[in-house]
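What follows is a single structure, written as structure tokens, with notes after it.
The values are calculated or read from the model by the stated rules, or taken from the named source; none is laboratory data. From a predicted model like this one, the values you see are computed outputs, not experimental measurements. Here the Cβ positions follow ideal geometry from the backbone for every residue, glycine too, while neighbour counts run over all protein chains shown.
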Amino acid sequence: MDQFRLYELKTANAFELELMIIPFVDLKVQYKAIQSEIDTAINSVLDSCQFTLGTEVVEFEKEFATYSGSVHGVGVNTGTSALHLALLSAGIGPGDEVISVPFTFVATAAAIHYTGAKTVFVDIDPVTYCLDPALLEAAITPRTKAIIPVHLYGQAADMDPILAVARKHNLVVVEDACQAHGAEYKGRRVGSIGDIGCFSFYPGKNLGAYGEGGMAVTGNATFGRSLRMLRDWGAEKKYEHVLKGYNYRLETIQGAILRVKLRHLDGWTEARRQAAKRYAALLAETGIPLPQEASYARHVYHIYAIRAPNRDALHARLLAKGIQSGIHYPHPIHLLPAYADLGYKRGQFPAAEQAAAEVLSLPMYPELTQSAQEAVAAAVIENYQK
């Protein structure tokens with residue numbers, strides 16, 4: 001690389017660092033706070049030369065299952081893999097239908113597709129952004145075999161009416177709790193309420209690995225056994241393959257890191273909840289629709305998403321002021337080209353479509369300072385005063 005190009009890159013990076021004064025999420029500040037614990041855990045794995053599954057993963061599985069109020073934990077390589085294996089363990093396959101929501105990350109629908117089943121959507125509640133239970137029963141057909149409620153942004157879906165419909169029709173309930181580590185529904189941790197709960201440990205999640213990771217939790221020993229086999233080539237023990245499985249194993253080093261971080265999760269969750277309260281107070285007079293904690297829920301604020309009719313313009317203006325924000329998610333799944341084959345049209349899920357056009361995620365992480373939040377709020381308020 002020539003010296004002039006190197007100078008250009010260094011200058012651009014310096015400008016970017018100066019401009020981005022408030023990041024959307026700051027993983028480095030969290031790492032610095034627990035660096036000695038993390039480094040010790042990583043070095044222990046390196047010394048052991050045990051790099052796939054192993055003791056650290058086994059212990060993390062136990063600890064996270066207990067944390068989630070469940071019994072069996074099965075560590076996998078991603079949250080998507082957890083969803084995929086949960087459906088397979090429940091016997092979902094070609095010809096079946098699985099109900100979920102169109103306003104979520106695409107992995108929810110992808111996991112259904114991987115099994116050969118068809119995704120059937122129902123609209124969301126416009127306040128919680130989670131599956132609207134009132135619309136659920138009308139979507140059930142003789143082919144329906146499972147429901148995947150998504151605990152979006154850290155808010156619990158309304159599980160009691162969902163479970164009532166599921167039990168009435170003998171359907172399996174797989175909770176997509178990939179954004180909701182530690183969230184609660186009527187005092188119970190999400191992931192432990194349905195038949196199987198699925199979590200992601202993508203780095204930016206409330207409990208994030210330093211790489212990829214996921215877990216399925218269940219109170220059902222039969223599901224636990226099949227999940228464990230399916231994530232490791234379908235083998236009950238080495239070279240004895242009972243099922244047609246996958247290479248979805250969780251790496252040992254991620255298990256060790258996640259064990260350290262799990263010990264801090266409750267403190268980080270409380271910091272997120274306090275940050276949400278500060279945003280609510282700072283933005284109270286704007287009239288902007290803010291995240292609402294459902295009466296039945298303990299929200300863990302993985303995402304703090306406001307509603308803005310001029311969302312894209314606000315997103316650009318915040319960036320111009322050095323404030324990163326996110327859009328989760330700009331397109332409901334039924335309108336994505338990849339899922340056009342499902343046959344849905346614009347207008348079929350109005351609450352999801354309106355949310356996709358309006359949501360804007362403000363910076364949110366446990367170490368977010370009050371002064372940073374005040375700057376974010378001032379920038380949002382200024383946008384609405386113009």
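Taking the stated definitions as given, is Glu270 modelled with pLDDT of 95 or more, assigned by TED's automatic domain parsing to the domain that holds Ala86 and of a type in the set (D, E, K, R)?
no
Please state which one of Glu293, Glu353 is among the charged types (D, E, K, R) and either surrounded by fewer than 16 Cβ atoms within 10 Å (Cβ to Cβ) or part of a loop (DSSP other than H, G, I, E, B) (or both).
Result: Glu293 is the single residue among Glu293, Glu353 that is among the charged types (D, E, K, R) and either surrounded by fewer than 16 Cβ atoms within 10 Å (Cβ to Cβ) or part of a loop (DSSP other than H, G, I, E, B) (or both).
Pick out, from segment 66-171, the helices (runs of 4 or more DSSP H) lying fully within it that include 2 or more residues that are in contact (Cβ under 8 Å) with a residue 60 or more places away in the chain and within 21 Å of Gly343 (Cα to Cα).
107-115
Just to check your reading of the model, which residue among Tyr239, Tyr248 is surrounded by fewer than 20 Cβ atoms within 10 Å (Cβ to Cβ) and either free of Cβ contacts under 8 Å to residues at least 12 places away in the same chain or in contact with an Asp or Glu (Cβ under 8 Å, 6 or more places away or on another chain) (or both)?
On inspection, the qualifying residue turns out to be Tyr239.
Identify the residue in segment 356-365 that is of a type outside the set (D, E, K, R) and assigned to a helix (DSSP H, G or I) and, among all such residues, is surrounded by the fewest Cβ atoms within 10 Å (Cβ to Cβ).
The qualifying residue surrounded by the fewest Cβ atoms within 10 Å (Cβ to Cβ) is Ala357.
Yes/no matrix, rows are residues, columns are (1) in contact with a strand residue (DSSP E or B) (Cβ under 7 Å, 6 or more places away or on another chain); (2) touching a residue at least 12 places away in the same chain (Cβ under 8 Å); (3) over 18 Å from Asp26 (Cα atoms):
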residue: Glu270; (1), (2), (3): no, no, no
residue: Arg273; (1), (2), (3): no, yes, no
residue: Leu282; (1), (2), (3): no, yes, yes
residue: His315; (1), (2), (3): yes, yes, yes
residue: Pro332; (1), (2), (3): no, yes, yes
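Would you be able to tell me the number of residues in segment 115-171 that are over 30 Å from Arg307 (Cα atoms) and surrounded by fewer than 17 Cβ atoms within 10 Å (Cβ to Cβ)?
Residues in segment 115-171 being over 30 Å from Arg307 (Cα atoms) and surrounded by fewer than 17 Cβ atoms within 10 Å (Cβ to Cβ): 9 in total.
State yes or no: is Cys178 crowded, with 22+ Cβ neighbours inside 10 Å and assigned to a loop (DSSP other than H, G, I, E, B)?
Yes, satisfied.
Go through segment 212-238 and report how many residues are in a loop (DSSP other than H, G, I, E, B) and either among the charged types (D, E, K, R) or closer than 19 Å to Ser200 by Cβ (or both).
Number of matching residues: 4.
Restricting segment 299-341 to residues that are assigned to a loop (DSSP other than H, G, I, E, B), in contact with a Pro (Cβ under 9 Å, 6 or more places away or on another chain) and not aliphatic (A, V, I, L, M), which is nearest to Phe121 (Cα to Cα)?
The extreme case among them is Pro332.
So Tyr301 ticks every box in (1) within 20 Å of Ala65 (Cα to Cα); (2) not assigned by TED's automatic domain parsing to the domain that holds Asn43 but one. Which box is left unticked?
With respect to (1) within 20 Å of Ala65 (Cα to Cα); (2) not assigned by TED's automatic domain parsing to the domain that holds Asn43, Tyr301 is out only on (1).
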